[in-house]
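Please treat every number below as a calculation from the coordinates, not as lab data. From a predicted model like this one, the values you see are computed outputs, not experimental measurements. Glycine gets a Cβ as well: all are built from the backbone with ideal geometry, and neighbour counts include every protein chain shown.
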Amino acid sequence: MSATPLLMVPGPIEVSPAVLAATSIAPPSHVSAAFIERFGSALGRMRAVWGADAAHQPMVLAGSGTLAMEQAIANVVDPGDAVVVVNTGYFSDRIAEIVTRRGGRARSVRAEPGAAIGADALRAELQAGPPPSVVCLTHVDTSTGVRVDVPSLAAAAKEAGALVVVDGVCATGGERLDMAAWGVDVALTASQKAIGLPVGLALSVVSPAAWRARERLRMPPALYLDWMVWQPIFEAYEAGRPSYFATPATTLIPALDVALGELLDADDGASRGMEAVFTRHERMGAAMRAGWAALGLDLLPEAGAEANTLSAIRLPEGVGPDLPARIGKRGVIVAGGLHPSIRHTYFRVGHMGWVTTQPELLLRTVEAVGAGLTDAGHPVDVGFAAIAVEAALDG
Ligand code: PMP
């Protein structure tokens with residue numbers, strides 16, 4: 001067992017050596033020339049990573065993913081507005097709660113844990129009640145490992161005239177995203193997931209239609225969350241000018257530029273940039289699933305809805321929720337269940353970001369899970385699982 005445990009929870013994640021080096025600097029001033037240049041570059045790179053175009057506004061706030069959720073809702077929902085939440089788990093419940101606290105009238109189209117929701121179910125819900133001004137989607141709900149099909153859901157929401165807010169906290173930078181082409185209006189995430197940084201940045205990109213909704217709001221957002229307060233700041237940084245409203249996270253933002261640069265520079269020989277990143281996550285996700293299947297494990301998500309960024313895996317008969325602790329003793333940190341109604345029946349393994357460039361770390365993870373299962377009195381053939389992972393990687 002290696003001395004340093006490998007962090008394979010679904011965020012925070014292991015970061016690349018270049019990102020780690022970028023965070024290990026003396027704190028820069030927010031108006032230094034070097035910082036201004038990195039911030040401006042990071043904002044431009046966000047558009048490319050999100051699949052946004054020049055008319056979309058990137059937003060970078062110090063905070064975690066929940067702050068990005070709060071910011072999105074505070075800028076597009078007025079008290080009394082109807083909002084439909086496509087609810088695939090714990091984080092969909094969270095955005096519904098944020099809408100309710102803003103005074104919006106949230107209603108959910110809800111899936112059983114592990115099930116996805118398709119465009120037909122959303123269409124039925126859109127017609128069942130007052131037309132919503134906003135539809136919220138959780139691209140990958142980290143509590144269930146379910147990925148929804150954002151393009152078809154966004155199209156259904158658009159047919160009904162609603163804005164589309166996508167929580168991509170466990171997806172952006174790993175799962176396919178083409179914000180402009182898909183008609184997504186706010187695409188938000190946090191730095192500590194597939195983007196590949198430590199915790200601390202709430203990231204979002206905003207469409208012109210969402211911006212108009214902000215302009216029409218009757219009740220302005222809290223000052224720190226207000227897009228209209230931040231937009232001139234980001235515009236100045238992109239133009240190479242210093243600016244100040246509230247101190248940006250000056251250590252993390254240069255590292256953000258490095259992390260986004262790594263994504264955009266990806267090259268697997270067959271494809272480049274985000275296409276290479278998405279294909280890599282698809283390949284690595286499939287390899288992890290091959291490993292779980294070879295260990296005799298079942299997944300929580302229904303077939304076809306499995307995220308590539310994490311696996312939510314059912315505990316086999318007779319194995320208790322202490323399995324993650326046993327796996328931890330084998331040098332790999334994985335997560336327990338999170339969805340309140342089934343928390344003790346499954347566990348979760350993240351496989352997003354830098355680790356997807358290191359197949360041997362994914363292999364080490366599958367082996368540690370196999371060893372943990374054996375320690376828990378559920379013997380499995382770890383060698384067979386390793387062969388299955390390698391075969392999937394080679395295939
Ligand atoms: N949404 C999703 C899908 C998440 O996975 C998370 C974090 N696990 C959040 C929102 C909240 O992000 P944070 O913990 O950074 O506030």
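Starting from the Cα of ASP149, step 7 Å along the direction of its Cβ; do the same at ASP381; then give the gap between the two resulting points in nm. The answer from the label model is 3.6 nm. How high is the FRET efficiency between THR357 and GLN231 when r is their beta carbon distance and R₀ equals 25 Å, given to the nearest 0.05? E(calc), rounded to 0.05, equals 0.10. Axis of helix 227-238 versus longest Cα principal axis of the chain: the two differ by about 80°, to the nearest ten degrees. By the equivalent-ellipsoid construction on the alpha carbon gyration tensor, region 18-264 comes out with semi-axes of 30, 19, 15 Å, ordered largest to smallest. Seen against the Cα atoms of the chain and their longest principal axis, helix 90-101 is set at about 20 degrees. Measuring nothing but how far apart in sequence close Cα pairs (under 8 Å, 6+ apart) lie, relative to its length, the chain scores a relative contact order of 23 percent. What you get for region 18-264, charging only the Cβ of Lys and Arg (+1) and of Asp and Glu (-1), is a dipole of about 300 debye around the Cα centre. Please determine, in degrees from 0 to 90 and to the nearest 10, the orientation of helix 150-159 with respect to the longest principal axis defined by the Cα atoms of the chain, where the helix direction is its Cα long axis. The helix 150-159 is inclined about 30 degrees to the chain. A simple rule links phi to the HN-Hα coupling: the Karplus curve 6.51 cos²θ - 1.76 cosθ + 1.60 with θ = phi - 60°, which for region 167-181 gives 7, x, 4, 9, 9, 4, x, x, 8, 3, 8, 9, 3, 5, 5 Hz, with x for Gly and Pro.
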